[in-house]
Amino acid sequence: MIGGGALALRAGGVIAATVAAAIALALLLAFLKFDQKLLDVAAARLGLVAEEVRRQSETGLALGLELAELEDLTGVLQRAAQARDVVRIDVRDERGRVLFSSGAGGAAGTPGDMSTVTVDAAGRFRSRINGDALLVGVRLRNGFGQIVGDVAVHAVLTARRDELARVRRELATSAAPVLVAALAATLLAVALTVRLTGGRVGRDGDEKTTDDALDETAGHLHLTLETRLAAAVAAAEQELAGSTDRRAGGPPA
Amino acid sequence: MNRDPVRTLVFRLTAVTVAVLLALSLLASWSALHSFERVLFPELRAKAAAVAEVLTRQINRALDYGVPLDQLPGLAEALAQEAAGHPDIARMTVEDLSGRTLAAWRQPQARLAGGEEDIIAPLTRGGVAMAQLRLTLDPGWLARASVDLMLEVASELLVAVLITFEVLLLVVHLSLGRINALRHTVSLAEAGDFRGAAPAAAGELASTAAACRAMLDYVNHRFAGLPAAAAGRFRFRHPDAPALPPPVNLTFLRLPVFLFCLSEELSRPFMPAYAQGLAPSAPWLPVDLAVSLPITLFMLVWALSQPLGARLSVRIGRGGLFAAAAALAAIGLAMTAETQHLLGLLLWRSVTALGYGLALITAQGLVVDHTTRENRAGGLALFIGALLAAGVCGPVAGGIIADQAGASATLQVGAGLALAAAATLFLLFHRTALSVPPPPAVAPGAASSAAVPSVAIGRLARDLRFGALMLLSAVPTKIAATGVLFCLLPLLLAEAGADKAEIGRTQMMYFLAFIIVSPLAASLSDRWAARRGFVVAGGLATLLAMAPIGLLGGDMAAALAIGLFGAAQALIGAPQLTLVTQIAARLQVTEIAAIGWYRLLERLGGALGPLLAIALAAAWSYRAAVLGIGLLCGGSALLFWLLYRGSPSPVVGDEAGDVNVSETQA
């Protein structure tokens, strides 16, 4: 087929590349959504820990005590810090200074930056992820509704990281044969399609019409285009046979 | 039946792509989801266990104070309060040791799992079990999360298919370029014109091309000296004279237009929210106005750029203008990504709009330059097809990119695409095809005054039908398009908690429905000669389409409404344009002038859309605003019908009435 082999190759290459890219992107998208869902679930779980500490803190604040006077919070924090993945829980004042902490030397800890945070759908807590480190925070309000500090739960999602790595390995393992199959199936299908589309033969030996351009791409250009042009030249010669400015010679063989 | 074999081949190859993509993506996605659920479900159980622990501690405290469980006030409310924000929990119950339910809370629409997966925590007083707290997870939550994921993957696949189609069209036409050029030369020769050229070729085509060249040289050598009268219908060229250039293949215009429109469409899902985020930088401006102004300014500058584009083309050529427009759009998008102030956003959106308008009018100009009246509809259809394909792909892709990388990164990607569009245009078109356009031909016998713009607008303005068509159909339609699709919908969905990818998918439904319905509406309205009927039906259908948003709730309502909205607008587009051309013929105004004023008024309506939408939303709510705009379209359509009910069609037996240019929002 005139241009058929090259056409099939180019078209097949384009389609195969697109199919492979689309499948790979689809899997990547699915993985990213799954990662986000997993993170949301983990953040929601740790948000419960922060909420519990908040409740107990605000009970004391409602009695008129200052945040720094709630000495019982250390015990509360140590109990709450036993939750899975929690590394440390801090209670900070409105300037970000750590007042109480479940971790050793935590009171001298540096305030964490909550400026780039995500708020959960219910608006109860804020979270920020940095690699495997998750920081979940809730604001503390006194009896007048004023913000007097916040609770910051520091967690490391090691289990999540391991699970993600395992899922990623599984995806890569299962995706590789799918992509190879995609490439092979695509190239085969394209080659067949181009051949079938360009390889139609006139039925019952019928003369192909000049409008049947498909046949022109089927490797029969020398039977169609050349024939048509020769016919056009012959028609012009016949009609102009009486012209005065005739020259000797005939059409090339 | 004559069919374009190239288009047939491209459609078949696209079908192959769809089949392979669907089959293998489904397989890959199913396998991936299986892996995800195995990991996610235990995490959900761990979270539910944490909820149970919190509740248990609270209830145990009350039990330790000696309060009997069945007399504990607010138990059900406490369950509900704790369940808020945990949509995966279907039910929580407090049961006594005999299993009798003392207090319960249930998610209204959740299914209940069998019971074997329930989380049970004992409620104790002094270490002695008094009752139990039971949490039941919603198995449908995971399924719904999976459906969300599958929808996102499906929309990504749709984008891939459309992009494949565009690239395939280009690849196939490039591959067959020389063959098509030779076919064109032979067709010319059959019509008596032997001035064409046989292109140089390699491979299998070489011998055929050489043979054709030899025949053309022979016949031109033999008859070039004939006087024109003797030659009759035949045309020859001197063997040394340059051959006629092959016709410009306008298919090559699709990819640059697609890329350029895509650059702007990427920002559709998040632009109103983006403006809302910058509103605090200009506290003297009401927030509602801050949200609508960028879109309004964009539409306004776009509208006003159209006549400017036509004049600039004449000075610097189509190619130069497209390049300049793409550069403007790229700068506008890049600076929009970087700006931290609302006034900066307004400035750079205006710059982007200027580039956008100039580029699109240039592209349309290229179609006009290289088509005749007979095939112009086909040329414009290529252009419109690219625009609509970008409308489908852009919001989806933009939403996904914005969710993963942020709005600024998405805008930067758009800037890159605008520049890529210009580069593609210059790669695919010869320099001569992009040069200064020829002056417009005046049809024989046409009144020269019809070409003068002031005369044209004067006649159009005095014509009641044109005025009614504009005020009661064109303008309300565009108000609805920009007000609802670009302004209210993203805000309404964002308020309901949808992410940008979901907003993009919903917006995509409009363009999908438009693509499907528009050709059918154009064809039927011509066949039945019922253009006014279609215009009225489209207006009323717009009102019906807005009803699901205003009256129903839920995620599907918006997608359904927007799909119906797209279908309704598709009923209007082509018939409305045909009515304009009919009126132009009756008033002896050039089609170009009439369509130009029609587009300008339409775009002014588009500029008004966001302002009206936000004003209604501020007065009532987003849903009420959507319904209000629907009422505007429905009421205007009804009025249009009442005004012209029973009157004869604008032109009887006029060929202009046969024009079926399926232009839409271009």
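The values are calculated or read from the model by the stated rules, or taken from the named source; none is laboratory data. Predicted, not measured: the structure shown is a model, and the values here were computed from it. Glycine also receives a Cβ, built like all others from the backbone with ideal geometry; neighbour counts cover every protein chain displayed.
A compact table of results
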quantity: Test: residue in the range B:125-141 that is more than 10 Å from chain A (Cβ to nearest Cβ) and of a type in the set (Phe, Trp, Tyr); calculated: yes
quantity: Odd one out for B:Ala229 among (1) of a type outside the set (D, E, K, R); (2) crowded, with 19+ Cβ neighbours inside 10 Å; (3) part of a helix (DSSP H, G or I); (4) within 14 Å of another protein chain (Cβ to nearest Cβ); calculated: (2)
quantity: Condition check for B:Glu53: within 11 Å of chain A (Cβ to nearest Cβ), over 48 Å from the mean Cα position of the chain (by Cα) and not small (Gly, Ala, Ser); calculated: yes
quantity: Single residue of the range B:147-184 satisfying the filter (among the polar types (S, T, N, Q) and in contact with a helix residue (DSSP H, G or I) (Cβ under 7 Å, 6 or more places away or on another chain)) that is farthest from the other protein chains (Cβ to nearest Cβ); calculated: B:Ser155
quantity: Odd one out for B:Arg38 among (1) over 30 Å from B:Pro139 (Cα atoms); (2) more than 8 Å from chain A (Cβ to nearest Cβ); calculated: (1)
quantity: Residue list for the range B:402-414, filter: in contact (Cβ under 8 Å) with a residue 40 or more places away in the chain and surrounded by fewer than 24 Cβ atoms within 10 Å (Cβ to Cβ); calculated: B:Asp403, B:Ala407, B:Ser408, B:Ala409, B:Gln412, B:Val413
quantity: Check on A:Leu32, at pLDDT below 90 and closer than 30 Å to A:Ser174 by Cα; calculated: yes
quantity: Residues of the range B:4-35 that turn out to be more than 7 Å from chain A (Cβ to nearest Cβ) and of a type outside the set (Val, Ile, Thr), as a count; calculated: 11
quantity: Filter pass, A:Val87 being aliphatic (A, V, I, L, M) and in contact (Cβ under 8 Å) with a residue 24 or more places away in the chain; calculated: yes
quantity: Residues of the range B:234-250 classified as at the interface with chain A (Cβ under 8 Å from one of its Cβ atoms) and loosely packed, with under 14 Cβ neighbours inside 10 Å, total; calculated: 0
quantity: The range B:67-94: number of residues that are among the hydrophobic types (A, V, I, L, M, F, W, C), away from every other protein chain (no Cβ under 12 Å) and in a loop (DSSP other than H, G, I, E, B); calculated: 2
quantity: Among residues of the range A:128-150, those that are within 14 Å of another protein chain (Cβ to nearest Cβ) and closer than 17 Å to A:Val76 by Cβ, counted; calculated: 2
quantity: Selection count, the range A:23-62, where residues are within 21 Å of B:Glu82 (Cβ to Cβ), among the β-branched types (Val, Ile, Thr) and at the interface with chain B (Cβ under 10 Å from one of its Cβ atoms); calculated: 2
